[in-house]
Structures are given as C-alpha cells and as structure tokens.
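I have placed the structure first, in the form of structure tokens, so that the comments after it can refer back to it.
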Amino acid sequence: MTNAGSVDSGLAHFGLGMCHLRGKGVEKDAKKAIEWFKKSAEAGNRNALFNLGVCYSQGLGTEVDRAVAFDYFQQAAELGDSKAMLQVGVCFISGSGVEASEASAAEMFEKAAVLGESVAQYNIGVCYGKGRGVEKDLETAAKWYEKSAEQGDAMGQFRLALCFATGKGVEKDAKRAAKLYEASAAQDHGGALFNLGVCYAQGDGVEKDPVKAVEFYRRAAAAGVAQAQHNLALCILTGSGAEKDPTEALHWYLLAADQGDAKAQFAAGVCFEIGQGTEKDGARAYKLYKTAARLGNVKAMVALGLCYQKGTGTEKNVDLARQCFTEAASRDSQRGMYHLGQNLILSGNEEEGVPWLKKAAELGFGDANEALKRLERKKEKEAEKAARDKQRADRDESIDPFNTTDAP
C-alpha cells in the first residue's frame, strides 16, 4: 500500500519527468525524464508507468524495447489507466513485446472502451465487426462505433457512417451516413472525404452536386487517397464538376497508379495509348496495362491482349494475346469473350471461336452480334459462290466437244 507521502512524491516526480520530456522550464532531456518517471512509478503512479511504456516503445531517451514497454503498459493498465489498457490491446493485436492474441487484445480494448476511451471504443467495434478475438456481432460493433463517434473520434464517425451506408448492424440510412462522413471529413479523414465525394457524385444521402464531389475528391486526393485520385482524374477528364483538362487528369491517374490502383493504371494506359493529355507512348501504355492486369483488372487484360495482337508497345504475339483474352473471358468480360472469339477465328479455329462470340452476343455485346452477322454473310456468299461454281462445272461437263453431228 502506498501512503500519502509516497503518492505526493510520485506526483512531483511525474511532473518533473513531464517537464524534462517536453522541455518546459528545463532543457528537454528524455533520459532525465525516464529517471523521474521511474521514481514516480516506484510510488505507484500509473501515469508515470504509462509514459515509461511510451518512452520504451518509441525510443525516447532509451533504446526501443517493446517487451519492456509492454510490461510498463500492463502495470499501468492494472492500476486502471484506460490509455494503458488501449496500448496493451494494441500490443496484443500486433504482437509487439508480447505474443499476439486477438482475444486478449479484444478484452483490453473493451475494458478501456467501458472507461470511455474513444479509440478503444473504435477498436473494439472493429473486433466485433470482423470477429477478431470475439464472436462477430455487427450490431455490437455499430454500438461501439457510435460511442466513439459521439466523442468526436474521426475513425468512429467514419466506421459508423459505413454501417449506415451499408445497413450493417443498423438500419440503412444514407442521410445519416452522409452526415457522419461530413463530421469525419471535417477532421480531414481521407476515407470520409472520399466517400463524401461519392455521396455528392451519386446523390446518395445528399443532393447530387458534381462540383462538391470534385471538392471532396480533391481534398482526399491531396491526402493521398488513391481512389479519390482516380475519381478526381475521371471528373477532370470528362468535365464533370470541373473544367476539362486531360493533362491534369493524367497527373492524378499516375499518382493513383503509383499507389497500386489498378483502375488508374488502366486509365493512364489508355491516355498514353491514344495520346490524351500527353504524347502517344505505346510502350508506356503496354507497361501500365500489364501492371493493372496482374492486379486483376479485367479491362487491362483485354487492353494488354490487344497490345500483343497489334504489336502496340511490344512485339506481336497472337498466343499471348489469346491468353489475355481467355483470362478476361473467364472473369465474365464480354469484351474479352468477343476478342477471344475473334482471335481464335483469325487463327483458323472457327469451331472454338464462334461459341465465344455467341456468348458475348447473348450477354448484349453488340460488336459480337455484328461479327456473327458478318460471319453469316460470309458463309452465305461462300455458299452462293460454291453453288455457282458447281453449276458452271456441271454445265461444262454436259457439253461434248467431240459431238459434230448436225442437229436434225
């Protein structure tokens, strides 16, 4: 048991530690801060224990030692410190300084959440939402997100907005989702900025407004959200809510492409192939299509196949083209089916090619229907020619060149 004197000295030592850590009234010195925190911790000060955990986890005034950091966080948590409970949960979820345990993480997050720690409320919401360490329960997840959101936590607001947007754990409510996105976006949450842009672009929960959509896309794009960079580029390219500018559009496509956004990689590839916002560059288009195709973008698979078929940015290779079209067709791409059919027919395999054209046509792909009509007309003309040739041959065979008898 700690007596009043030790508590007072613990507080004093903690205060001195904070002064040295922040450089308030004394020279900033993290090593001295640790010394004072340790003296305070000996007196049972949980704030000192928590701050020692921070110092050892971040390498402030000492070498990083995650195991020691975890031990200090745990001691502070046992004394009822909610922030320490949160950190213990983070250590368990990531395996930092302790063996990873989702169940232990969820337990600590919930303890901190009950004490009102907003980030812990968000974290335990994620645990319930994904079934990590606890049984999956979307309604309970939404309740915790709501508690976090009520405290102004941007992540909590964003997650709760997603719940209302999708109807997961709560009744679907597009207007409430938009309001929550707006609250989170006001704190510059990238995902909320992007989703709010989508709301304005589609008129989902708010009145449709392409200009506002671009405004939020631009803010999210500036924050590095790849999807926002892609959508902003599309708006600028088409003049939806923004002045048309193919060059700026390509700039945003490339930023998103560099982050691994396959849709942006494909779109940038198109720009380079046709010379939109830049000089034509078949080789660069080919590379972008190839990268996007590897990430599973079906449109890029077809475009890559056409590069191989036409020799755009690479050597012609009908077999590689067919592989690309086959992969796209296997993913229900009507355009992939069409080009696979055409590729097979041009390679002399009409028997396998025609069924792909028919499948694409049945799904509503107009070019496939036209190709089938052309094939039918070609066959009709070939049949007519064959019939004429046969008639001519039959007629020639019926004339006897050696019969010189006069007719009676």
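No value in this document is a laboratory result; all are computed from the given coordinates. In this text the structure is predicted, and so the values were computed from the model without any measurement. Don't worry about glycine lacking a Cβ; one is built from the backbone with ideal geometry, like all the others, and counts go over all protein chains shown.
Mean residue ellipticity at 222 nm, helices only, the chain: -23500 deg cm²/dmol; runs of at least 4 DSSP H residues each add -39,500 (n - 2.57), and the sum is divided by the number of residues. According to the square roots a ≥ b ≥ c of the eigenvalues of the Cα gyration tensor, what is the shape class of the stretch 282-348, taking rounded for a/c under 1.5, prolate for a/b larger than b/c otherwise, and oblate for the remainder? Verdict is oblate for the stretch 282-348. The residues packed around L86, meaning those with a beta-carbon under 11 Å from its beta-carbon, carry a net charge of -1 if Lys and Arg are +1 and Asp and Glu are -1.
Taking a ≥ b ≥ c as the square roots of the eigenvalues of the Cα gyration tensor, the stretch 256-393 is classed as prolate, since a/c reaches at least 1.5 and a/b is larger than b/c. Near A321, within a Cβ-to-Cβ distance under 14 Å, what is the net charge of the other residues, with Lys and Arg +1 and Asp and Glu -1? Net of charged neighbours comes to +2. Let me make sure I get this right: for the stretch 2-151, a, b and c are the square roots of the gyration tensor eigenvalues over alpha carbons, sorted descending. Under 1.5 in a/c it's rounded, otherwise prolate if a/b > b/c, else oblate. Which is it? Prolate is the answer for the stretch 2-151, as a/c is 1.5 or above and a/b outweighs b/c. Name the residue farthest towards the positive end of the dipole of the stretch 249-408 from the options T278, L375, N297, assuming +1 on Cβ of Lys and Arg, -1 on Cβ of Asp and Glu, about the Cα centre. In the stretch 249-408, that residue is T278. Give the residue list of trypsin sites (Lys or Arg not before Pro) in the stretch 254-343 that are DSSP loop and have at most 15 other beta-carbon atoms within 10 angstrom. Here the sparse-neighbourhood loop sites are K280, K316, R331. Fewest-first ordering of T62, T247 by other beta carbons within 10 Å of each residue's beta carbon gives T247, T62.
In loop segments of the stretch 159-206 as defined by DSSP, the trypsin sites (Lys or Arg not before Pro) with at most 15 further C-beta atoms inside 10 Å of their C-beta are K168, K172. Relative contact order of the chain: 5 percent, from C-alpha pairs under 8 Å at least 6 residues apart in sequence.
The orientation-averaged projected area of the convex hull spanned by the Cα atoms of the chain comes to 35.1 nm².
Per residue, the convex hull around the alpha carbon atoms of the stretch 236-306 comes to 77 Å³. Considering only the other residues whose Cβ falls under 10 Å of the Cβ of K299, what net charge follows from Lys and Arg at +1 and Asp and Glu at -1? Around K299, the charge tally is +2.
Excluding the site residues themselves, the longest part of the chain lacking any GluC sites (Glu not before Pro) in a DSSP loop with at most 11 other Cβ atoms within 10 Å is 316-408. Sparse packing (at most 16 other Cβ atoms within 10 Å of the Cβ) combined with a DSSP loop state is found for the following trypsin sites (Lys or Arg not before Pro) in the stretch 201-250: K208, K244.
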